[in-house]
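Written out below as structure tokens is the structure these notes cover.
None of the figures in this text is laboratory data; all of them are computed from the coordinates on show. Being a predicted model, the structure only gives us computed values, none of them experimental. Here the Cβ is made from the backbone with ideal geometry for all residues, glycine too, and neighbour counts use every protein chain on show.
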Amino acid sequence: MSSISMKGGLALILALVFFTAGLSSAEDADAKMEYWEEEGYGVVITNASWVDEWVEMTNLGKSSQDLSGWSLKDEQEHIYVFPEGFSLLPGGLVVVHTGVGNDTETDLYMNMGKPIWNNGGDVATLMDADGAVVSQHPEPEEA
């Protein structure tokens, strides 16, 4: 076999390996999303501002998620409970503000009279109605 055809064959084999690895990663991501949806964990904390006193959550799932009874807390145990009947559409996001305001589909207010998030850093924890941790920001270090 000539060196040119060997190089071509090797390139084809490498391309197939990379293609297959890419499919495997996509399949892993799909499996993870299916798990989140089955467990009700399509909603994650995607951003936060400790200085401006807000936490953003996004529904990464393919179906609406009812957040009735879910809660958001800081390290000092200040707890916000989502209102009854509040749902987050697929791809939708909601920002929970510490301050006072009128709730909308995209903005919820804790109606706290003072800041609660530590400007030097804090951990926001989102929990489902049973108290199971759904998401944290920043994400905890992996062991």
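Conditions tested, residue by residue: (1) loosely packed, with under 15 Cβ neighbours inside 10 Å; (2) part of a strand (DSSP E or B); (3) in contact with a strand residue (DSSP E or B) (Cβ under 8 Å, 6 or more places away or on another chain).
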{"position": "P90", "(1), (2), (3)": "yes, no, yes"}
{"position": "V94", "(1), (2), (3)": "no, yes, yes"}
{"position": "G113", "(1), (2), (3)": "yes, no, no"}
{"position": "I116", "(1), (2), (3)": "no, no, no"}
{"position": "G120", "(1), (2), (3)": "yes, no, no"}
{"position": "Q136", "(1), (2), (3)": "yes, yes, yes"}
{"position": "P140", "(1), (2), (3)": "yes, no, no"}
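Cβ separations smaller than 6 Å between residues 6+ apart or across chains give the following pairs from region 123-134 residues that are under 16 Å from L88 (Cβ atoms) to residues that are hydroxyl-bearing (S, T, Y) and part of a loop (DSSP other than H, G, I, E, B): V134/Y41. Please go through region 96-110 and give me each residue that is in a loop (DSSP other than H, G, I, E, B) and surrounded by 17 or more Cβ atoms within 10 Å (Cβ to Cβ), ordered by number. Matches in region 96-110: T98, M110.
Restricted to region 50-88, and to residues that are surrounded by 14 or more Cβ atoms within 10 Å (Cβ to Cβ) and of a type in the set (G, A, S), which residue is nearest to G113 (Cα to Cα)? Taking the candidates together, the pick is S71.
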